[in-house]
Structures are given as structure tokens and as C-alpha cells.
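Notes follow once the structure below has been shown.
The values are calculated or read from the model by the stated rules, or taken from the named source; none is laboratory data. The model shown is predicted, which means the values in this text are computed figures rather than measured ones. No Cβ is skipped: glycine too gets one built from the backbone with ideal geometry, and neighbour counts run over all protein chains shown.
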Amino acid sequence: MAYIEKDLELFPAPGLNVIKFDESYTHGLTGYDMKAVDYIIEYSDFYVFLELKDPDAPNARSRNKQEFINEFKADTLKTSLSKKYRDSFIYRWAQDKVDKPIHYYVIVSSTSLKNVDYGVLTDKLKKFLPQQHNKAWKRKLAAKCLVAPIEVWNKEFPDCIIRRRSLIGHD
């Protein structure tokens, strides 16, 4: 089964548990100003919270592309991305479904970003998420955090590839 996010498709291998998390029927707390990551993928020893950003979508307005770049340059993107993670974490914690480490991946499809930009945003996001600075904490809030292009995701997760719909003949 493929999961569609605008012009991107997520193709998990059979048996891989994927939740389309940012739907009202899944978490339904938008009225409480809680944000959600796009997907939660369950592996045997960890969860992936996956957020997809696609400013290069063929049907994206140039204004939307520029807004994304402006958010990146103005340093506000890390705020919205961290809120999605934290709110999703709280929701899953309240469900008693934080029984494995969580890896947070933000996949961005943008020809405007260079490899160094992905690294810079990863570092900023890691610093913005609460880290395990407090010795009273027994666990990390996020075991891994990475902002990367689709190609990096597909190398790390060949059992759950992402591809562009418009390049494979979908509308």
C-alpha cells in the first residue's frame, strides 16, 4: 500500500506498520493547537516520526517555495518542526506507545537546499528539541534527529522508499 503526501509517495514493505498520523481521524487534536508529524513507522526496535516537506512539488506555487526558503533562512522552520515532534511525542506518550526509541526524520525535497543546509537545519533542530541535559532523565526524547533529502532516506530505509508521483506518471 502506498501512502500519498501531495506529490510524494511512501512505499512501505509488506508488514511494516505505518500510521498516517496527521489526519483528524488519527490524532484529532488540532483544535487544541497540537501539531502532528506526517507518519509514524514502527520497526522492531524503534519508531520513526517522519515529516515530509516538498517545496519543489510541481503544483506548488512559487510563493509557497519562497515561504519555505524564508522560513529556513529566518530560522523559524526549526520551531514548527520541533512542535510537530513534541506534540506527536506527547500524544503517543499519553497513548502509552513510547516503548521504543524514536528517530525523527524530516525529509525535504528542495533543489534550493545544499547538503550543508540539511546539516545546518539538523543541528538547529537537535538543539531546539530538549536534549538529555538533565541527569534525572533516563531516556532521550529523540534517539536520532535528521533533516535530509529523499535520497538519504531511501538509502537508510530501502524497505520504505519515497518517490515523486509526477515522475512515475501519477497526477
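General remarks:
- Among residues of the stretch 37-46, those that are outside any loop (DSSP other than H, G, I, E, B) and either within 8 Å of the chain's Cα centre (by Cα) or surrounded by fewer than 22 Cβ atoms within 10 Å (Cβ to Cβ) (or both), counted: 2
- Evaluation of Leu52 against the conditions (1) modelled with pLDDT under 80; (2) in contact with a Lys or Arg (Cβ under 9 Å, 6 or more places away or on another chain) shows that the sole unmet condition is (1).
- Residue in the stretch 92-105 that is surrounded by fewer than 19 Cβ atoms within 10 Å (Cβ to Cβ) and assigned to a helix (DSSP H, G or I) present: yes
- Checked against (1) closer than 23 Å to Phe68 by Cβ; (2) surrounded by fewer than 19 Cβ atoms within 10 Å (Cβ to Cβ), Ala142 passes all but a single condition, namely (2).
- Candidate set from the stretch 51-88 (those that are part of a helix (DSSP H, G or I) and polar (S, T, N, Q)); member that is farthest from the chain's Cα centre (by Cα): Ser62
- Filtered residues of the stretch 11-33 (kept if within 21 Å of Asp87 (Cβ to Cβ), among the aliphatic types (A, V, I, L, M) and modelled with pLDDT of 75 or more): Val18, Ile19
- Scanning the stretch 2-21 for residues that are under 13 Å from the mean Cα position of the chain (by Cα) and surrounded by fewer than 17 Cβ atoms within 10 Å (Cβ to Cβ) yields a count of 1.
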